[in-house]
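Written below as structure tokens is the structure these notes are about.
Derivation of every value follows stated rules applied to the coordinates shown; laboratory data play no part. These figures come from a predicted structure and were not determined experimentally. As a convention, Cβ positions derive from the backbone with ideal geometry for all residues, glycine included, and neighbour counts pool all protein chains shown.
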Amino acid sequence: MNENGLTDCLVELVAAIGKEDFAQCFLAVFEKIANVQLCSVFSVGPGQLVKLLFAQGKHPELADFSSQASLVYASRFWRSDSQMSRLFHSGVQRPIIVRRRAVDIADPAYRATCYERGDIRERLSIFWPGSPVLFANGYRVGSRAAFSTETIEQVEEQAPLLMAAVESHLRNSHLAGRMLNETELMQSLRAMVPSLSIREAEISVAMMLGETQTEIAERKRLSSNSVITYRRRAYSKLGLVNRRDLMRLHRHMAFEGRL
């Protein structure tokens, strides 16, 4: 590991607290210390309400795999993650670093959706007790070597700074108003209308944030017809007629404090 490179990444992470590029800087640090390609960070609140704070990283083959798999995990598979669920219920008050191999996951749907589909072989997690509980996951894709003892020790060494930065970022974001990013908007929409699929929420949020259907198709690697189909389904479930209604909903969510 290049110590100078890591120091530069840590400086950039601290400087990014409260800013839009925080997630990207977080992944850069995680990548330096653990050679991961993707990461996700979650909070667990009262009633085991799991919320995706951010997912970052570009999968070599699947557009938006990181965010999609992470959202499905938060909404559907959290309780199938025996490691994290057990830690949460244990009441442990110290940070813990844990490894999770895909082959050890008992739930076949969870394993297929969040790991096998993206050729994820292994995960390294930082469990961070507090209020709320936080945990950060780093993932290796494809044939990269398993996490070594040395790597785990490096993550353990840097975990306090990494997670303190996440806590500071959350506090800054709340003081400035809720984060207006895709992840936050998608979770708010799906909380309002649980029947809304992740892809339908993605298309709706992208349009809320000003993207055209052509831009969405290019960024999501979808056909134009697919974008139109998802948009129509989303409008129907949300009770909307056109984009003007969508933008009105966006403003209403902000006014009501959902954002």
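Counting neighbouring beta carbons within 10 Å and listing from fewest to most, the residues Ser67, Ser82 come out as Ser82, Ser67.
Of the peptides 127-135, 104-112, the ranking by mean beta-carbon count within 10 Å, highest at the top, reads 127-135, 104-112. Between Ala159, Phe88, Pro129, the Cα set farthest toward the positive side of the dipole of the range 76-172 (charges on each charged residue's Cβ, about the Cα centre) is that of Phe88.
Would you tally the net charge around Met84, using a Cβ to Cβ cut-off of less than 11 Å, leaving Met84 out, and scoring K and R as +1, D and E as -1?
Result for the local shell: +3.
Basic side chains Lys and Arg get +1 at the Cβ, acidic Asp and Glu get -1 at the Cβ, and with that the dipole of the range 20-158 about its Cα centre reaches some 380 debye. Compute the separation of the alpha-carbon centres of the range 31-78 and the range 192-240 and state it in Å as a whole number. Spelled out, the Cα-based centre of one part sits 20 Å from the other. Can you list the trypsin sites (Lys or Arg not before Pro) in the range 163-234 that are in a DSSP coil and have 16 or fewer other beta carbons within 10 angstrom? Passing sites in the range 163-234 are Arg178, Arg221. As a proxy for reagent exposure, ranking Val72, Val44, Val227 by other Cβ atoms within 10 Å from fewest up yields Val72, Val44, Val227. For Ser131, the shell of other residues with beta-carbons less than 14 Å away shows a net charge of +1, using +1 for Lys and Arg and -1 for Asp and Glu. Restricting the range 2-64 to trypsin sites (Lys or Arg not before Pro) that sit in a DSSP loop and have at most 15 other Cβ atoms within 10 Å of their own Cβ leaves Lys19, Lys58. Among the helices of the chain, those built from whole DSSP H runs whose Cα atoms reach 20 Å or more along their own axis and whose mean Kyte-Doolittle hydropathy is at least -0.5 are 149-175. Simple rule: put +1 on each Lys or Arg Cβ and -1 on each Asp or Glu Cβ in the chain, find the dipole, and look at Val41, Ser168, Ser148; the Cα lying farthest toward the positive end is Val41. For the range 1-70, the list of GluC sites (Glu not before Pro) that fall in a loop by DSSP and count at most 16 other C-beta atoms within 10 angstrom reads Glu20, Glu61.
Computed from backbone phi with θ = phi - 60° and the Karplus coefficients 6.51, -1.76 and 1.60, the 3J(HN,Hα) list for the range 99-111 is 9, 9, 8, 4, 5, 8, 7, 6, 6, x, 5, 4, 4 Hz; x is used for glycine and proline. Summing Lys and Arg as +1 and Asp and Glu as -1 over all other residues whose Cβ lies under 15 Å from the Cβ of Asp8 gives a net charge of -3.
Taking every C-alpha pair closer than 8 Å and separated by at least 6 residues, the mean separation divided by the residue count of the chain gives a relative contact order of 17 percent. Per-residue ellipticity at 222 nm from helix content only, as computed over the chain with -39500 (n - 2.57) for each DSSP H run of at least four residues, stands at -16500 deg cm²/dmol. Taking a ≥ b ≥ c as the square roots of the eigenvalues of the alpha carbon gyration tensor, the range 117-258 is oblate, as a/c is not under 1.5 and a/b does not beat b/c.
Rounded to the nearest 20 debye, the dipole size of the range 182-255 about its Cα centre is 240 debye, using +1 on the Cβ of Lys and Arg and -1 on the Cβ of Asp and Glu.
Multiplying the residue separation of Gln48 and Glu3 by 0.36 nm and subtracting their alpha-carbon distance yields 12.4 nm.
For the range 182-255, the relative contact order comes to 29 percent (Cα pairs under 8 Å, sequence separation of at least 6). Segment Ser226..Arg94, full-extension length gain: 42.9 nm, with 0.36 nm per residue of separation and the alpha-carbon distance subtracted.
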